[in-house]
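Peer 1: Below you will find the structure I want to go over with you.
Each value in this text was obtained by applying a stated rule to the coordinates, not by laboratory testing. Here the structure is a predicted model, which is why all the values come from computation and not from measurement. Don't worry about glycine lacking a Cβ; one is built from the backbone with ideal geometry, like all the others, and counts go over all protein chains shown.
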Amino acid sequence: MSADVELQNVSVSFGNFYAAKNVSVKIEKGEFFSFLGPSGCGKTTLLRAISGFSEPSDGKILIGNQDMAGIGPNNRPTSLIFQNLALFPLMSVADNIAFSLEVRGTGKVQRRKRADELLELVALSGQGDKKVHELSGGQRQRVAIARALAIEPEVLLLDEPLSALDLKLRQKMRTELREIQKRVGITFIYITHDQGEALTMSDRIAVMNQGELEQIGSCHNVYESPRTPFVATFVGENNSFYGTVSAVDGDMVNVSADGNNFLAKAGDLGEGKKYTFKKDDKVIMFVRPESIFLKDQNNQADNIFTAGFKAIEFEGNLKNIYMSIDGKQNVRCSVSNAVDTTDLPNSKKVELKFSSRDAVVLPVGPLAVD
Amino acid sequence: MKYFFNKNGPLISTYLIIAIGFWLVFLIIIPQLYMVDLSFRPNIPPLLRGGPDDVYTLTHYKHFLFGSETSGESYNYVDVGVFRDTLLIAVLITLINLCFCYPIAFYIAKVASPNTARLLIVSLIIPFWINELLRSFALRILFAGEGFINNVLLKLGLIDSGINFIAMDVALYTGLNYAYILLMIFPLYNAMDTLDRNQLEAAEDLGSSMLKTHFRIVIPHAKAGIASGCTMVFMLTAGALATPVVLSSPNTFWFTQLIYQWFNMNDNWPRGAAYSVVLLSVSVVFVLLMMKIFKVKIGEIVR
């Protein structure tokens, strides 16, 4: 069983402070949905409101079309996985997993059977008699998932459960979480500040900032067609060129910035609509570092400009080249490690290019990082 | 030892060794050994001490069990009865104390906001600035035949004549419960404070009722604190003197009152020593037995 979750104009306030403001979203049955945002953006508050640990001060939460107002966390068809997992340290792994059955009065044999089934589901067969502290971080993660699944929830809520793991394990657990979700087929609502996690696992992502939803969409949609400067800079890396509109031709916009004249596409507003600009509007043009190429690379590009070289940074699979236009406008370009860049530090000017299809123009607004 | 000196420097190391050594040897071991030794000696005038009559004897222990040699009873039912009642009531008081303090400690540790918690702790401590004897007398005034409680009940018309709380030992039990309440609350509070709040929420999310969460999560976590609080309250209640002297009914004797009588009124120090050795050793054995039954290790208690 799986249920959809609908938030209708949900606000959660603490005194005068709104941790979540007027959030509306419909999460589909069986969907892997992520709330992505910086710490303090209100995503955990929303999750607690969905799980029933706090009540929204305004608006409605529907799970499976049923209003959840006044229903406590123990009576909602949801199960929450805590950031620190909150496994019970004094109980064995099997007792942890079967705790929800124990408090419902299920017999011992039945409990053990269910625990073993769930251990198999999370690939921990035969570990039921161990104590929690005898398990590794990744194994504990899986015990927490098994424990949450034991009550057969219709919606699983996950509060940054991977944040305590190291990088390799985190990447492995992403795939695993996604597989478990497909196997059990229930709705997963995932909270994270890590855009990599959100992009790799989710069907859809809601980007939040300061208690409000900035954008809801598929991973591709959020990454490629950011609706606000915040989304453009919070999800992935981006170069932001401040400029003014010099000409508009349909969806294509000419932006003059720092003496250059760039061609770029107008940003998406969702539902097939685009932002409309007129001459002299103040705008920001966003181009991702991986969409900017060195001039001698074999890529299509209709924008060509030059920038002064500043530094190069080796990241393993790719190299980040830092440059600036007239010492003011910073430009960052990421190229594959295979690209030869040995001459770059010697040349004062670097010729760069990008395609107008990869550049997005948005009205001026706050960025995620300054 | 060498590591200890290197780590703390000669001055602090010497101070620590002397201070702890003094405490252990002069304030605990020597007096208690003296007391044990005294309990096996006959009660003879000072002049005869060290003389031919001063030999080790079990007479005082015999007296505790079987009474004076002239009595026809099969055992000393007065003293043994007082001893038994004292221990039973001390156990009862400990359990009541635990039931009473558990919710308070839990509220302070896990429910109250930090400011409320501080306020509650302060208001628990401040009454204990008042001397134990004075607190007992204050309770006596409250519970007296013409006391505050009776007056209120009479005025409200709930009773027709005053209730003799003292004779019913209500005053004594209340006083004993109140006397060591902090020694129960603080170990409980310390133990519960370390419990991760998420554990409680996780249990709730998994469908556990409040009661079940306490039995499965909170009590196992706080077990060492519970044991520590119960041990202290039991030992101190069994050994209390001031409160029973002030609050007990004329018919109720606390075992410490007997000890006090042998020491002071009957001037029989060896017998008093024997009685206190009996009280101490039986209490310690009882506590160790309880710890064994509830699987608490002594190391956990001091944690």
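Peer 1: With region A:319-370 as the region, which strands (runs of 3 or more DSSP E) entirely inside it contain at least 2 residues that are small (Gly, Ala, Ser) and over 24 Å from residue A:280 (Cβ atoms)?
Peer 2: Passing ranges, in order: A:329-336.
Peer 1: Quick check on region B:208-225. Is at least one of its residues touching a helix residue (DSSP H, G or I) at 6+ places or on another chain (Cβ under 6 Å), touching a residue at least 12 places away in the same chain (Cβ under 8 Å) and away from every other protein chain (no Cβ under 13 Å)?
Peer 2: yes
Peer 1: Search region B:174-207 for residues being among the small types (Gly, Ala, Ser) and over 18 Å from residue B:101 (Cβ atoms), and hand back the single one that is farthest from the other protein chains (Cβ to nearest Cβ).
Peer 2: Checking each candidate, the answer is B:203.
Peer 1: Mind checking whether some residue in region A:117-134 is surrounded by 22 or more Cβ atoms within 10 Å (Cβ to Cβ), away from chain B (no Cβ under 14 Å) and closer than 25 Å to residue B:215 by Cα?
Peer 2: no
Peer 1: Which of the helices (runs of 4 or more DSSP H) found entirely inside region B:146-250 contain at least 1 residues meeting this: closer than 30 Å to residue A:100 by Cβ?
Peer 2: Because the criterion is at least 1 residues that are closer than 30 Å to residue A:100 by Cβ, the helices (runs of 4 or more DSSP H) in region B:146-250 that meet it are B:181-193, B:197-205, B:210-213, B:223-238.
Peer 1: If residue A:358 passes every condition in (1) charged (D, E, K, R); (2) more than 18 Å from residue A:231 (Cα to Cα); (3) touching a residue at least 12 places away in the same chain (Cβ under 8 Å) but one, which one does it miss?
Peer 2: (2)
Peer 1: State the number of residues belonging to region A:27-59 that are under 20 Å from residue A:191 (Cα atoms) and either β-branched (Val, Ile, Thr) or more than 14 Å from every other protein chain (Cβ to nearest Cβ) (or both).
Peer 2: The qualifying residues number 23.
Peer 1: Next question. Tell me which residues, restricted to region B:2-43, are among the aliphatic types (A, V, I, L, M) and touching a helix residue (DSSP H, G or I) at 6+ places or on another chain (Cβ under 9 Å).
Peer 2: Of everything in region B:2-43, those that are among the aliphatic types (A, V, I, L, M) and touching a helix residue (DSSP H, G or I) at 6+ places or on another chain (Cβ under 9 Å) turn out to be B:16, B:17, B:35, B:36, B:38.
Peer 1: Could you list, in sequence order, the residues of region A:179-196 that are surrounded by 15 or more Cβ atoms within 10 Å (Cβ to Cβ) and over 14 Å from the mean Cα position of the chain (by Cα)?
Peer 2: A:180, A:181, A:184, A:186, A:187 - these are the residues of region A:179-196 that are surrounded by 15 or more Cβ atoms within 10 Å (Cβ to Cβ) and over 14 Å from the mean Cα position of the chain (by Cα).
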